[in-house]
1. Assigned to a loop (DSSP other than H, G, I, E, B), more than 17 Å from the chain's Cα centre (by Cα) and of a type outside the set (S, T, N, Q), is that true of L54?
2. Looking at region 75-90 only, could you name the residues that are at pLDDT 85 or above, touching a strand residue (DSSP E or B) at 6+ places or on another chain (Cβ under 8 Å) and either of a type in the set (A, V, I, L, M, F, W, C) or surrounded by 15 or more Cβ atoms within 10 Å (Cβ to Cβ) (or both)?
3. Does I143 satisfy the condition of being in a helix (DSSP H, G or I) and farther than 25 Å from K44 by Cβ?
4. From the list V36, V20, which one is assigned to a strand (DSSP E or B), surrounded by 13 or more Cβ atoms within 10 Å (Cβ to Cβ) and touching a Leu at 6+ places or on another chain (Cβ under 9 Å)?
5. Which ones in region 178-211 are buried (at least 19 other Cβ atoms within 10 Å of the Cβ), under 13 Å from F26 (Cα atoms) and of a type outside the set (A, V, I, L, M)?
6. Determine if region 68-80 includes at least one residue that is in a helix (DSSP H, G or I) and out of contact with any helix residue (DSSP H, G or I) (no Cβ under 7 Å at 6 or more places or on another chain).
7. Does E93 qualify as being closer than 30 Å to Y129 by Cα and at pLDDT 90 or above?
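The values are calculated or read from the model by the stated rules, or taken from the named source; none is laboratory data. Everything numeric in this text was worked out from a predicted model, so none of it was measured. Cβ placement follows ideal geometry from the backbone for every residue including glycine, while neighbour counts extend to all protein chains displayed.
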Amino acid sequence: MDNIKVSVKNMTKKFGDLLVLDDVSFDVRKGEFLCVVGPTGCGKTTFLNCITKLYEPTAGEILIDGEPVNLRKHNVSYIFQEYSTMPWLNVEENIAFGLNIKHRPESEVKQAVDEVIEMVGLQNFRKHYPNQLSASMLQRVVIARAFATKPELLLMDEPFGAVDEITRGQLQTELKRIYEQTGITVLFVTHDISEALKLGTKVLVMDGGRIEQFAEPGELLRNPATELVRELVKKERRTCYLPEEQLSSCEFSGAAVEGTAVV
């Protein structure tokens, strides 16, 4: 258990007669990036909300470091689907907000803000206000604010859902780089299987409040456990991640030409 960061044990959640989570159990190891993916209404956001204590499980429990969740004791940051910044505060002040409400020393706040501003590439935007920033920059501010408190666990609920495809790809790359740099434990909810496979060290596929499969991305692609998982990863399984000069060797690329030698 020493290496287990989050342990979900037989968790069930009902809203009246509506069963949202049905006897869910799994463990997340320290330093893992777990992507929880599934169709709308499968229970993935409800699971995150139980960790943050917005909801109490109807049955079962969630443990952090072997203890019941206690947000005063456990340092947990949450980036919501509808992320927000304070429009009257500049970038530095927005990032420092969580530290300031915890009454951290000024020198500690400054050091933490300096570190994360460099980490997310906002060095030239420190004094800018939210209305002067692009959607990509705003999301970087939100990520920086979450990392500034040095959380032991970061929860993210479809954080890139409101940005365009190009910006989304850029933010995914940045988040993966920051994760690899910090080694923090991340629980990331998404409805996009491509995003889950790109970011996650583990992927949890849910449907109807139940676990369909819990595995590393490569295992999901090689051995989908259910028909739902098979359908989710079908496109990804048919994608050839090759440089352009080698696309002719991929039968699914549309570039293969009969009689052409494989490069």
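1. yes
2. V76, S77, Y78, I79
3. no
4. Testing whether each residue is assigned to a strand (DSSP E or B), surrounded by 13 or more Cβ atoms within 10 Å (Cβ to Cβ) and touching a Leu at 6+ places or on another chain (Cβ under 9 Å) leaves just V36.
5. If the condition is that a residue be buried (at least 19 other Cβ atoms within 10 Å of the Cβ), under 13 Å from F26 (Cα atoms) and of a type outside the set (A, V, I, L, M), then K202 is the only one that fits.
6. No; the residues of region 68-80 include none that is in a helix (DSSP H, G or I) and out of contact with any helix residue (DSSP H, G or I) (no Cβ under 7 Å at 6 or more places or on another chain).
7. Yes, satisfied.
Conditions tested, residue by residue: (1) at positive phi; (2) surrounded by 20 or more Cβ atoms within 10 Å (Cβ to Cβ); (3) in contact with a strand residue (DSSP E or B) (Cβ under 7 Å, 6 or more places away or on another chain); (4) not β-branched (V, I, T).
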| position | (1), (2), (3), (4) |
| --- | --- |
| A96 | no, yes, no, yes |
| R104 | no, no, no, yes |
| E108 | no, no, no, yes |
| G121 | yes, no, no, yes |
| R126 | no, no, no, yes |
| S134 | no, no, no, yes |
| R140 | no, yes, no, yes |
